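Take a look at the structure below.
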Amino acid sequence: MADKETWKRRVASWRASGQTAAEFSASHGWAVATLRGWSSRLKRESAVAVAPTATRVRLAQVVRQAAPPAPRGGEVVVDLLDLRARVTVEAGAKPETLQVVLAALGVGGAR
């Protein structure tokens, strides 16, 4: 039984040949299902290996306004103009929440 590296080479040769899976398999004496199976498996493994990681930020509400509102008493407003983001933190919000939001936006050193 051929190993993974052997099947990587075989699948690459098949792709480069321009032949159908059935034609290529028949010319090498392999079952077409085996060639297709290895091709699918290698493609899945390759996709998993290069999958990017992502940071998710959940927003409770997004409101578009013509002009930003003035801060209310006890409210802290942080404008991140280069990121085109405006973060408004209500009075009494936990500092850890703001740190998580700023970290997700790529703003370092926030306290």
Q.
Please go through (1) in a strand (DSSP E or B); (2) at pLDDT below 65 for THR88 and return the number of the only condition it doesn't satisfy.
A. (2)
Q: With the condition kept exactly as written, say whether any residue in segment 37-51 is among the aromatic types (Phe, Trp, Tyr) and more than 27 Å from the chain's Cα centre (by Cα).
A: no
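The values are calculated or read from the model by the stated rules, or taken from the named source; none is laboratory data. Source: prediction; values computed, not measured.
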